[in-house]
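J.: This is the structure I want to talk about, given as structure tokens.
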Amino acid sequence: MLKMVTFFQGFPGQQSVPGTLNFAVSPQKPRSTSEAESETSMSEASSEDLMPSPEAPDGEEESAKKKEKKSKGLANMFSVFTKGKKKKKDQPRLSDLEVQPKPRPELDGPLPTVEELKEALEHGRLEVAWQVLALERQLEAAAAAGGMSNEELVWRQSKVEALYVLLCDQVLGVLRRPLEAAPERLSQALAVVSQEELEDRRASGGPLAAALEATRPRRWLQRWRGVVAEVAAERLDAQPATAPEGRSEAESRFLHMGRTMKEDLEVVVERLKPLFPDEFNVVRTYAESYHYHFASHLCALAQFELCERDTYLLLLWVQNLYPNDILNSPKLAQELQGVGLGSLLPPKQIRLLEAMFLSNEVTSVKQLMARALELESQRWTQDVAPQSLDGHCHSELAIDILQIISQGQTKAENITSDVGMQIKQLLLVELAALLRSTAQRPLPLSESRELQLPVGWTPQGAGTS
């Protein structure tokens, strides 16, 4: 059985290791001092562009109110994701999606404007996700209260949706390469997805105002699964770093895909599973994505006319190496037990490939046995005394025939025991035909010898026990 080579060397710290589960996207730009100052200053404006238009105060009252406002940084306003902050009573926990969402987020101050939130999201500040949610809820409240034209509602909703597009890109960017993100940032991204799932369920409980477009469910958890599928395709489709000599292109591809899937899933089990909430089913999601892409590749390959070697290797991976060395490997067997990935190829395709293999292998064995007999016959016709062993004439022909048949049966048993039993019956028929042909073959009388095999010998007895 082929051995799977350990490819991953672990993830020291947060560094990316070449060839590992490296969800590569453009790295985040480090925050500069000027950017931090800019983010702090963004909170000085209110969210009045998304609120119902109040009656305009006179100039003096408006001036007095502006003076009373205090500058508050975005990080101090509703930063429920910030590490070290006291958790609000009704805040949903990261690993508990059943917690009921708050009907309206409580704010420590006025909401920032859309432009300020846009700038914060462009700098990768995921903690403002709650302010984006608050703006969405305020818009819903304004639409329900009336007093605002449909055109105004639609225009303001488009602003909120633009913020959600930026937020989604930032969150999925973190989850595309989770091992490269700081633990707090990864926790924020996971919490945003969890909260969005809660908001989807909340929105399904009642209709929106007629003027607002139905933007939920957003299905961010489903979008994350799509990102995982993209990562699996990128990893499995990547060209191997080196192509070992003596291997066909198909063989190199099988080895690369199988090794990549095994090692990547081991990293998911060891590194990602402790970080992701149970509701994400992170191991199942990655396993299904890798399995689907692996299976799609093999199904496409099976449609072509394969040489004998590639037919055997395809069956070997589908029937032996994939279920035994990957799915039932020590680190993955328990985790994948309830996933039910199944086979890489449908049963009908497997039976067709097995029939092709049996036909190819029987033909190969017949040719090898005929070649061995022909070489021995040539020695018989030469005017040379036969080799003597312990006072008896000795021939290597019987040993050669036993080895040829044994190798054919061993290859079949490497696929499955059932295929091994099928080829055993076929090879016995071919052996009997060979013995009959040697008995009827005309040879010089002085050197005629009969091919003799051990009493009770069968191909099964000649195989590797």
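J.: Using 7 Å Cα-to-Cβ label points, what is the residue 247/residue 359 separation (nm, one decimal)?
T.: 2.9
J.: Which FRET efficiency, nearest 0.05, do residue 328 and residue 115 yield, Cβ-Cβ r, R0 51 Å? Kindly include the intermediate steps, with their values, before the conclusion.
T.: Numbers: r = 55 Å, r/R0 = 1.08.
For residue 328 and residue 115, the calculated efficiency is 0.40.
J.: Please list, short to long, the whole-number percent of alpha-carbon pairs of the range 240-283 in consecutive 5 angstrom bins beginning at zero.
T.: Each 5 Å bin holds this share of Cα pairs: 5, 21, 20, 14, 12, 10, 10, 6, 2, 0.
J.: Any chance you could run the full-extension gain for residue 165 through residue 223? It's 0.36 nm times the residue separation minus the Cα-Cα distance, nm to one decimal. All intermediate terms of the calculation are to be shown ahead of the outcome.
T.: On the way: separation 58, 0.36 × 58 = 20.88 nm, distance 1.23 nm.
The span from residue 165 to residue 223 would gain 19.6 nm if fully extended.
J.: Right, another one. Kindly report the accessible area of the range 251-328 per residue (heavy atoms of protein chains, probe 1.4 Å, no ligands, DNA or RNA), in Å². The partial results should precede the final answer.
T.: Numbers: 2950 Å² over 78 residues.
Dividing the accessible area of the range 251-328 by its residue count gives 38 Å².
J.: While we're looking at this one, here's another question. If 410, 285 are ordered by their accessible area, calculated over protein heavy atoms with a 1.4 Å probe, which sequence runs from highest to lowest?
T.: On the way: 410 35, 285 10 Å².
From most accessible down to least: 410, 285.
J.: Same structure again: Compute the FRET efficiency between residue 200 and residue 149 as 1/(1 + (r/R0)^6), taking r as their Cβ-Cβ distance and R0 = 30 Å, and round to the nearest 0.05.
T.: Details: r = 28 Å, r/R0 = 0.93.
Taking R0 as 30 Å, the efficiency between residue 200 and residue 149 is 0.60.
J.: Give me a comma-separated list of calculated 3J(HN,Hα) values for the range 270-277, in order, Karplus coefficients 6.51, -1.76, 1.60 applied at θ = phi - 60°, integers in Hz, x for any Gly or Pro.
T.: Karplus values, whole Hz, x for Gly and Pro: 7, 10, 8, 4, x, 8, 8, x.
J.: Given a cut-off of 30 Å, name the pairs among 118/262; 331/424; 331/411 whose C-alpha atoms lie farther apart than that in the structure shown.
T.: Numbers: 118/262 40 Å; 331/424 35 Å; 331/411 28 Å.
With Cα atoms farther than 30 Å apart: 118/262; 331/424.
J.: Moving on. Over the range 145-222, with every protein chain in place, what whole percent of the accessible area is carbon and sulfur at 1.4 Å, could you tell me? Walk me through the numbers on the way to the answer.
T.: Details: 1850 of 3410 Å².
Percent of accessible area from carbon and sulfur atoms in the range 145-222: 54.
The values are calculated or read from the model by the stated rules, or taken from the named source; none is laboratory data. For clarity, every value in this text was computed on a predicted model and none was experimentally measured. Reconstructed Cβ throughout: ideal geometry from the backbone, glycine too, with neighbour counts over all protein chains shown. Only protein heavy atoms, including side chains, enter the accessible area calculation; ligands, DNA and RNA are left aside. Shrake-Rupley method; radii C 1.70, N 1.55, O 1.52, S 1.80 Å.
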